[in-house]
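This report refers to the structure that appears directly beneath it.
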There are 2 protein chains.
Amino acid sequence: MMRPRDGSSEAPLPLGVVRVCGGAPRLALRDGDDVLLASELAVADEPELRAALAAPSLNALIELGPAAWHAIQRAAADPPAAARLPLRDCEPVLPIRVTDFVDFYASLEHATNFGRIFRPGTPPVRDNWRHMPLAYHGRTSTIVVSGTEIRRPRGQIAPGELQLTAQLDLECELGYVCGPSARGPIAIDRAEEHLFGVVLVNDWSARDVQRLEYEPLGPFLGKSFATSMSAWITPLQALTGARRPRPPQDPPPAAYLSAQEPWVLDAALEIELNGTVISRPRAAGLYWTPAQMLAHLTVNGAQLSAGDLIATGTISGTEPGTAGSLAEYFGGERWLADGDEVVLRGQAGAAALGEVGGRIVAG
Amino acid sequence: MMRPRDGSSEAPLPLGVVRVCGGAPRLALRDGDDVLLASELAVADEPELRAALAAPSLNALIELGPAAWHAIQRAAADPPAAARLPLRDCEPVLPIRVTDFVDFYASLEHATNFGRIFRPGTPPVRDNWRHMPLAYHGRTSTIVVSGTEIRRPRGQIAPGELQLTAQLDLECELGYVCGPSARGPIAIDRAEEHLFGVVLVNDWSARDVQRLEYEPLGPFLGKSFATSMSAWITPLQALTGARRPRPPQDPPPAAYLSAQEPWVLDAALEIELNGTVISRPRAAGLYWTPAQMLAHLTVNGAQLSAGDLIATGTISGTEPGTAGSLAEYFGGERWLADGDEVVLRGQAGAAALGEVGGRIVAG
């Protein structure tokens with residue numbers, strides 16, 4: 001547990017923010033069961049980097065770009081003893097101030113399943129779906145760190161009737177933490193320069209609320225009560241070994257969505273409900289790639305900020321045991337009850353993607 | 001122009017943030033053709049208030065709540081000469097870091113008009129509309145201050161075809177800057193404690209992009225390229241004389257949307273296109289009130305942050321000359337051209353709501 005690290009060959013460490021003994025938030029790297037406090041590492045004495053490492057969130061470090069990201073990882077490869085402390089002595093907090101949150105709808109299987117559930121009798125996937133990665137903006141203020149309790153929300157579940165949701169669901173997603181900032185458009189072959197790292201996201205959903213409100217402006221209160229993300233962000237540079245070629249797309253994507261070497265992340269995910277793994281979605285089956293999502297999001301000139309979170313949307317497969325939500329897994333027979341505990345985990349090649357957990361408490 | 005102010009009887013001044021000679025952003029109050037620099041005013045020597053007045057945006061002051069807001073207005077009533085400088089010597093910048101942006105759909109007339117335009121042959125207003133103030137989250141990173149040039153965006157205007165929008169539109173809205181922060185639900189009769197002030201909002205829209213993308217997740221790239229807001233925020237406390245009783249609602253609103261004394265703001269707005277006023281929408285005709293919007297937004301437990309912006313959605317009336325968008329005004333015959341200049345202005349009782357302007361530049 002106190003082993004020294006050999007920086008020459010090891011993968012970059014996940015980054016996060018912790019409180020030690022209830023103190024102020026501090027940037028940290030996770031090294032197995034330990035954390036390394038960033039401010040204690042021997043980095044070059046550059047004022048901008050020093051300021052970023054002293055900040056209460058990772059946003060400033062993300063803004064500095066790859067040279068700074070490499071500098072902190074190099075320093076973490078040979079940490080002074082004073083930098084290291086056991087993870088159990090820390091309280092991880094939300095690692096970024098989320099500047100904007102965009103939730104995509106990148107799984108064809110999920111879009112098909114939900115089209116059938118919400119719009120029976122019509123074609124489940126609309127004509128626009130295969131031409132662009134559809135998405136909507138979510139609420140940033142209610143993004144919470146793994147471990148935060150999820151209070152059952154109220155909403156209108158029938159016209160004019162405010163009640164506690166009776167159809168509380170989870171959504172298993174991958175999230176990409178973005179930056180440095182850039183004014184769009186970001187060309188698809190430059191997109192990965194603005195993808196800092198990967199987290200797991202549980203986009204909790206109240207299906208009865210969502211169903212009543214979502215036409216014509218999309219999801220709102222059915223989603224905005226809470227979204228959980230991992231405490232630790234796995235740097236994209238740690239995941240090069242887990243890339244796979246993008247599956248074919250039909251029709252072929254528009255030029256601004258066509259990369260030279262399109263890739264998806266081959267992440268094996270699992271959904272654990274009250275201690276039992278009930279589903280194992282795989283991100284390699286996603287239709288739209290992270291680079292396509294970022295290129296689309298910014299093609300209209302939108303500003304990207306260091307600290308933006310883009311998520312894939314629910315990841316579901318076609319095979320049994322790969323559903324990314326309870327609605328799909330149980331077909332409406334079972335929803336989350338008070339006291340239920342959900343943990344999402346992920347592994348991408350040699351890299352563990354950590355976990356995002358949350359327990360439902362009464363509303 | 002250099003007249004002294006008599007703080008005993010005058011309405012609170014609008015607040016904003018300015019750069020002087022290209023310097024750092026500074027909090028300021030607008031006094032006609034002058035500004036008063038907040039840091040130069042004689043306020044109580046309280047560390048939190050001092051820190052808030054030295055911040056680069058109004059968020060921290062908003063977080064401090066009404067006592068601090070009153071303190072700065074009292075101090076502005078008797079400003080030292082050093083605090084005052086001509087508005088023309090300042091560059092107003094975005095006055096808040098927008099924490100979340102929620103755009104409502106509160107005008108029945110607008111919802112009816114757009115239902116007809118986007119979904120001909122179906123009932124224009126869906127069943128859910130009269131039961132709750134529908135809304136979606138917009139993009140915070142691309143909210144810009146009045147005067148910022150608006151670059152014509154690209155988007156898919158036919159499946160797979162990326163082109164400059166040919167249907168660039170404006171939307172005339174009122175915005176409410178929210179805070180202090182609170183965990184929802186916020187009871188409707190406490191809502192106004194979290195409404196700091198009012199701005200004008202132009203939610204620029206690319207209708208051809210919006211039309212192709214908005215089902216089923218709502219507006220996205222058709223809106224997220226730019227949203228303009230006023231540089232100066234009129235405190236809600238300056239607008240008590242402009243309140244009017246809320247018109248009847250049918251069906252009666254659910255209990256959590258029923259205020260003791262429901263009010264709407266009687267703001268007279270105008271849309272100026274290239275120097276000519278083409279439309280005069282009135283906010284008093286809005287169906288949903290600001291308190292209803294805030295109560296609904298937070299009823300599911302969502303966090304409200306100091307710096308949230310909630311907007312009414314396009315304000316349109318039933319009479320000729322009261323449309324809040326070009327789609328409604330010209331019926332699709334005319335859209336914004338490069339070089340077009342749009343200014344929205346507002347007056348609410350004795351209080352001028354300032355203006356929000358922008359000029360279209362080629363994409």
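The values are calculated or read from the model by the stated rules, or taken from the named source; none is laboratory data. Remember, it's a predicted structure, so these values are computed and weren't measured experimentally. Note that each Cβ is placed from the backbone with ideal geometry, even for glycine, and that neighbours are counted across all protein chains shown. In case anyone asks, the SASA skips ligands and DNA or RNA and just uses the protein heavy atoms, side chains included. Shrake-Rupley method; radii C 1.70, N 1.55, O 1.52, S 1.80 Å.
Structure above, values below:
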| item | result |
| --- | --- |
| Where a residue in the range B:114-132 is in the same structural domain as B:A323 (by TED's automatic domain parsing) and in contact (Cβ under 8 Å) with a residue 12 or more places away in the chain and its partner, wherever it lies, is in a loop (DSSP other than H, G, I, E, B) and of a type in the set (G, A, S), with Cβ under 7 Å and at least six apart | B:H131/A:G160 |
| Test: residue in the range B:176-192 that is part of a strand (DSSP E or B), under 22 Å from B:T314 (Cβ atoms), at pLDDT 95 or above and of a type in the set (F, W, Y) | yes |
| When residues of the range A:188-225 are limited to those that are within 11 Å of chain B (Cβ to nearest Cβ) and among the acidic types (D, E), the one surrounded by the fewest Cβ atoms within 10 Å (Cβ to Cβ) | A:E215 |
| Among the candidates B:A81, B:A67, B:A54, B:A75, residue that is surrounded by 18 or more Cβ atoms within 10 Å (Cβ to Cβ) and either out of contact with any Asp or Glu (no Cβ under 6 Å at 6 or more places or on another chain) or at pLDDT 95 or above (or both) | B:A75 |
| Residue identified as open to solvent by 30 Å² or more (accessible area, probe 1.4 Å), in contact with a Lys or Arg (Cβ under 9 Å, 6 or more places away or on another chain) and touching a residue at least 60 places away in the same chain (Cβ under 8 Å) among B:R19, B:R30, B:R26 | B:R19 |
| Residue pairs meeting the criteria (Cβ under 6 Å; at least 6 apart or on separate chains; first touching a residue at least 24 places away in the same chain (Cβ under 8 Å), in the range A:237-250; second in a loop (DSSP other than H, G, I, E, B) and open to solvent by less than 50 Å² (accessible area, probe 1.4 Å)) | A:Q237/A:P12; A:A238/A:P12; A:G241/A:G349; A:A242/A:D266; A:A242/A:G349; A:R244/A:D266; A:R246/A:P262; A:R246/A:T289 |
| Subset of the range A:306-339 (residues that are within 16 Å of A:L273 (Cα to Cα) and either crowded, with 17+ Cβ neighbours inside 10 Å or in contact with a Phe, Trp or Tyr (Cβ under 6 Å, 6 or more places away or on another chain) (or both)) | A:T322, A:A323, A:G324, A:S325, A:L326, A:A327, A:E328, A:Y329, A:W335, A:L336 |
| Within the range B:239-309, strands (runs of 3 or more DSSP E) holding 2 or more residues that are within 14 Å of another protein chain (Cβ to nearest Cβ) and over 18 Å from the mean Cα position of the chain (by Cα) | none |
| Any hit, the range B:34-51, residues being under 22 Å from the mean Cα position of the chain (by Cα), over 18 Å from B:P80 (Cβ atoms) and modelled with pLDDT under 95 | no |
| Unique match (being out of contact with any helix residue (DSSP H, G or I) (no Cβ under 8 Å at 6 or more places or on another chain) and not hydroxyl-bearing (S, T, Y)) among B:A77, B:A106 | B:A77 |
| Only listed residue being facing another protein chain (nearest Cβ under 9 Å), open to solvent by 10 Å² or more (accessible area, probe 1.4 Å) and at pLDDT below 95, chosen from A:R119, A:R154 | A:R119 |
| Filter result for B:A166 (of a type in the set (A, V, I, L, M, F, W, C), more than 12 Å from every other protein chain (Cβ to nearest Cβ) and open to solvent by 10 Å² or more (accessible area, probe 1.4 Å)) | yes |
| Residue among A:P180, A:P124 that is surrounded by fewer than 24 Cβ atoms within 10 Å (Cβ to Cβ), over 21 Å from the mean Cα position of the chain (by Cα) and more than 10 Å from chain B (Cβ to nearest Cβ) | A:P124 |
| Those residues of the range A:340-356 which are in contact with a helix residue (DSSP H, G or I) (Cβ under 7 Å, 6 or more places away or on another chain) and open to solvent by 40 Å² or more (accessible area, probe 1.4 Å), in sequence order | A:G349, A:A350 |
| Filter result for B:G321 (among the small types (G, A, S) and under 28 Å from A:V209 (Cβ atoms)) | no |
| Output for the range A:129-142, where each listed residue is buried (at least 24 other Cβ atoms within 10 Å of the Cβ) and more than 7 Å from chain B (Cβ to nearest Cβ) | A:P133 |
| Whichever residue in the range B:125-136 is in contact with a Gly (Cβ under 6 Å, 6 or more places away or on another chain) and of a type outside the set (S, T, Y) and, among such residues, is nearest to B:A306 (Cα to Cα) | B:H131 |
